[in-house]
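Here's the structure we're looking at; comments come further down.
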Amino acid sequence: MSRDPCTVGYYVHHVGRGHLQRARSLAAHLAATGDGTVTGLSSLERPSDWPGEWVDLARDDDGEPVGPTAGGRLHWAPLRHAGLRSRTAGISAWIERARPDVVVVDLSVEVLLLARLHGVPTVGVVLPGHRDDAAHLLGFEVADALVAFWPPRAEGMLRGVPDAVAARVHRLGALSRLPVDDDPPPPAAGGRHALLLLGTGGDAATAAAATRAAERVRGWTWTVLDGTPERWVEDPSAAMRAADVVVTHAGQNAVAEVAAARRPAVVVPQPRPHAEQATTGSVLASGWPAVVSQEWPCDAADLDRAAGLDGRAWAEWCDGRAVERFAAVVTGTAGTSATTGTGERG
């Protein structure tokens with residue numbers, strides 16, 4: 001029996017590109033299969049290729065925040081903040097109007113709670129790192145389903161949580177917006193070429209400083225891509241195919257794209273809350289085609305070691321089907337009837 005398309009809300013955090021890329025991938029997949037429509041809920045600008053509705057949310061991170069953590073139980077809910085009041089009211093108004101079947105939250109404990117308090121099933125996206133603080137644990141417990149974008153064999157990506165929480169996480173594999181390249185080109189003849197792939201989530205090194213440092217590594221030529229208008233490309237596939245090694249931070253989106261391109265990598269984790277990238281780096285160092293360097297610039301020895309690795313070993317990290325598994329969890333959660341509980345009714 002066919003099921004009616006589900007109505008999905010997707011809360012997209014505004015820092016970095018990974019949250020948005022996951023949302024775009026899911027929205028496009030559900031639109032193509034006819035299994036659902038996705039409304040974006042975000043402070044980010046609506047992408048030009050977004051197939052459904054987009055709800056613009058006010059920012060709540062300006063000014064001097066007052067009591068944003070509610071005594072450590074939340075991550076960000078500043079008192080008497082007009083932007084926070086507006087964005088939560090906007091989400092509530094959309095829920096009342098659209099009557100969604102499920103809301104995907106990538107990433108906010110507060111939005112998970114808000115959707116659940118409206119009686120809407122939720123899917124929470126889990127990031128790597130130490131997520132054992134009270135706010136994270138509350139979100140994990142409230143979410144109807146949890147998804148993470150690393151493969152089952154990547155043990156140790158989520159740390160400090162109870163076994164019962166870890167057991168509920170659907171480990172879907174990396175989700176790349178770029179197609180998987182299972183026939184990567186061999187190393188180029190002659191000189192070695194490296195691609196430096198910088199992120200937009202607040203790297204410690206500026207693009208200019210990183211470029212100058214890269215140029216001091218002898219024996220290698222460089223291409224640099226980052227979030228600036230001069231060096232940002234929507235599709236870095238060609239640049240990756242032309243590189244013998246990709247040098248990147250340890251953000252989920254960057255690692256997913258390197259894995260999809262099947263290129264060996266030098267990964268330099270950047271400081272992030274909850275040791276997110278440091279955790280990813282420690283896992284990548286245990287048998288994946290990446291050399292993990294703890295500081296920038298990496299040296300020629302790191303690049304040479306990485307060039308000797310087989311990028312095809314990324315196949316288990318990113319097999320190109322994560323979006324299908326993601327969609328199955330989302331539509332399954334939308335179609336699951338809530339179990340009867342014993343809690344008090346409000």
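The values are calculated or read from the model by the stated rules, or taken from the named source; none is laboratory data. Fair warning: this is a prediction, and the values are worked out from it, not measured in the lab. Using ideal geometry, Cβ is built from the backbone for each residue, glycine included, and neighbour counts are taken over all protein chains shown. The accessibility values were calculated without ligands, DNA or RNA, using every heavy atom of the protein model including side chains. Shrake-Rupley method; radii C 1.70, N 1.55, O 1.52, S 1.80 Å.
Report, in whole Å, the centroid distance computed from the Cα atoms of the range 231-301 and the range 109-178. The distance from the Cα centre of the range 231-301 to that of the range 109-178 comes to 23 Å.
For the chain, a Gaussian network of Cα nodes joined below 10 Å ranks Val292, Val120, Val12 by mean-square fluctuation, and the top entry is Val120. Projecting the Cα atoms of Leu44, Gly9, Thr122 onto the charge dipole of the chain, computed from C-beta unit charges around the Cα centre, puts Thr122 farthest toward the positive end. Once C-alpha pairs closer than 8 Å and six or more residues apart are averaged by separation and normalised to the residue number of the chain, the relative contact order reads 16 percent.
I'd like the distance between the alpha-carbon centres of the range 50-72 and the range 85-106, rounded to an integer number of Å. With the range 50-72 and the range 85-106 each reduced to a Cα centre, they are spaced 13 Å. Once the 1.4 Å probe is applied to the protein heavy atoms, the chain comes out at 47 Å² accessible per residue. Would you mind computing the Rg to Rh ratio of the range 1-149 from its alpha-carbon coordinates, Kirkwood style for Rh? Rounded to two decimals, Rg over Rh is 0.96.
Highest GNM mean-square fluctuation among Leu158, Leu112, Leu79, for the chain modelled with Cα contacts below 10 Å: Leu79.
The amide H of Val291, built 1.01 Å from its N in the peptide plane, has Ala265, Val266, Val267 as neighbours under 5 Å, considering only residues 5 or more places off or on other chains.
If you roll a 1.4 Å probe over the chain with all protein chains in place, what percent of the accessible area is carbon or sulfur? Can you show the working numbers first?
On the way: 8400 of 16220 Å².
Percent of accessible area from carbon and sulfur atoms in the chain: 52.
With a cut-off of 17 Å on the backbone N, the residues of the range 128-152 near the modelled label site 7 Å out from Ala164 along Cα-Cβ are 132-146. Entry note, the chain: the mean residue ellipticity at 222 nm calculated from DSSP H runs of n ≥ 4, each adding -39500 (n - 2.57), is -9500 deg cm²/dmol after division by the residues and rounding to the nearest 500. Rolling a 1.4 Å probe over the protein chains gives Arg59 an accessible area of about 110 Å².
For the range 36-89, what class follows from the C-alpha gyration tensor (a ≥ b ≥ c being the square roots of its eigenvalues): rounded when a/c is under 1.5, otherwise prolate if a/b is larger than b/c, else oblate?
Details: a/c = 3.16, a/b = 2.32, b/c = 1.36.
In terms of gyration-tensor shape, prolate.
Only Lys, Arg, Asp and Glu carry charge here, each on its Cβ (+1 for the first two, -1 for the last two); on that basis the range 99-169 has a dipole of about 120 debye about its Cα centre.
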